[in-house]
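Trainee: Below is the structure I would like to discuss, written out as structure tokens.
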Amino acid sequence: MGVAVAFSDSGLVSLAGARYETAMGVWSGRRCSIGGGGVAFAALAGLMAMSTMAKAQEASPPATGVAGPAAGAAPAACTKTDFETVVDQSAAALRDLNIQNRPRFQEKLRALRTKKAWSEDQFLKEAVPYVKDDQIDAYDRTTSELLNKIASMGDEGTASATPDCGLYQVLRGHMTQLVDTQNAKWAYMFRKIDTALGQ
């Protein structure tokens, strides 16, 4: 089944009522899937919109990590609100990752453009590998799979008259894995662009 995709200058990708910002993985909503190559170009469109802003500052520290919901033994009792809360906590963690990492990554891309003396057209082509490659695609596939599981399990938990606390604990584990995946993706992207800047 086709999914309507809309791109904005901020690199925001709107997919079936969800919100996913490519370079950082912010998600909110009930269900989404992550597209292919067009996603990377959406991110670059957003970066190009900022490419004429201030020059990149000095290199900043590696990607800042955000902790996901803590895992542990299944609680003796849980409520529908518990399911909603853990989803909200994870979405907030992903938003924090975006706030902390995306501006610095954009700065580094602008610095690389300056270093390489790329024109706008060259930048759109040459910068693609820094937001899309096989490893980044793998992170995005994992993210998409986890988001779909989280949406399904969240719906199941809130719809049940008696929420399943075992399911709730599995949901928390998926949330932790989701945040870990995005932390790893950011770290990988920063390592890759820092290597290019150092050459």
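Trainee: Considering each residue of region 170-199, count those that are closer than 25 Å to Thr85 by Cα and of a type in the set (Lys, Arg), and give that number.
Mentor: 2
Trainee: Hey, can you tell me all the residues within region 115-124 that are surrounded by 12 or more Cβ atoms within 10 Å (Cβ to Cβ) and either part of a helix (DSSP H, G or I) or of a type in the set (Gly, Ala, Ser) (or both)?
Mentor: Within region 115-124, the first condition is being surrounded by 12 or more Cβ atoms within 10 Å (Cβ to Cβ), and the residues that meet it are 115-116, 118, 122-124.
Answer for region 115-124, where residues must be surrounded by 12 or more Cβ atoms within 10 Å (Cβ to Cβ) and either part of a helix (DSSP H, G or I) or of a type in the set (Gly, Ala, Ser) (or both): Lys115, Lys116, Gln122, Phe123, Leu124.
Trainee: Let me ask another. Within region 154-170, can you find the residues that are assigned to a helix (DSSP H, G or I) and in contact (Cβ under 8 Å) with a residue 40 or more places away in the chain? Walk me through how you get there before you give the answer.
Mentor: Step one: filter region 154-170 for residues assigned to a helix (DSSP H, G or I), giving 154-159, 165-170.
Those that are assigned to a helix (DSSP H, G or I) and in contact (Cβ under 8 Å) with a residue 40 or more places away in the chain: Gly154, Asp155, Gly157, Thr158, Cys165, Gly166, Tyr168, Gln169.
Trainee: Given (1) out of contact with any helix residue (DSSP H, G or I) (no Cβ under 9 Å at 6 or more places or on another chain); (2) under 18 Å from Phe190 (Cα atoms); (3) loosely packed, with under 14 Cβ neighbours inside 10 Å, identify the lone condition not met by Asp96.
Mentor: All conditions are met except number (3).
Trainee: Using beta carbons and a limit of 8 Å, which pairs, at least six apart or on different chains, have the first residue in region 171-193 and of a type in the set (Lys, Arg) and the second one outside any helix (DSSP H, G or I) and buried (at least 23 other Cβ atoms within 10 Å of the Cβ)?
Mentor: Pairs that qualify, where the first residue is of a type in the set (Lys, Arg) and the partner is outside any helix (DSSP H, G or I) and buried (at least 23 other Cβ atoms within 10 Å of the Cβ), are Lys185/Gly25.
Trainee: Residue under question is Thr162, and the condition is that it be more than 30 Å from Ala77 (Cα to Cα) and surrounded by fewer than 18 Cβ atoms within 10 Å (Cβ to Cβ); does it hold? Reasoning before the result, please.
Mentor: Numbers: more than 30 Å from Ala77 (Cα to Cα): no; surrounded by fewer than 18 Cβ atoms within 10 Å (Cβ to Cβ): yes.
Here the answer is no, as Thr162 does not meet what is asked.
None of the figures in this text is laboratory data; all of them are computed from the coordinates on show. Keep in mind that this is a model prediction, so the values were computed, not measured. FYI the Cβ positions are ideal-geometry reconstructions off the backbone, even for glycines, and counts take in every protein chain you see.
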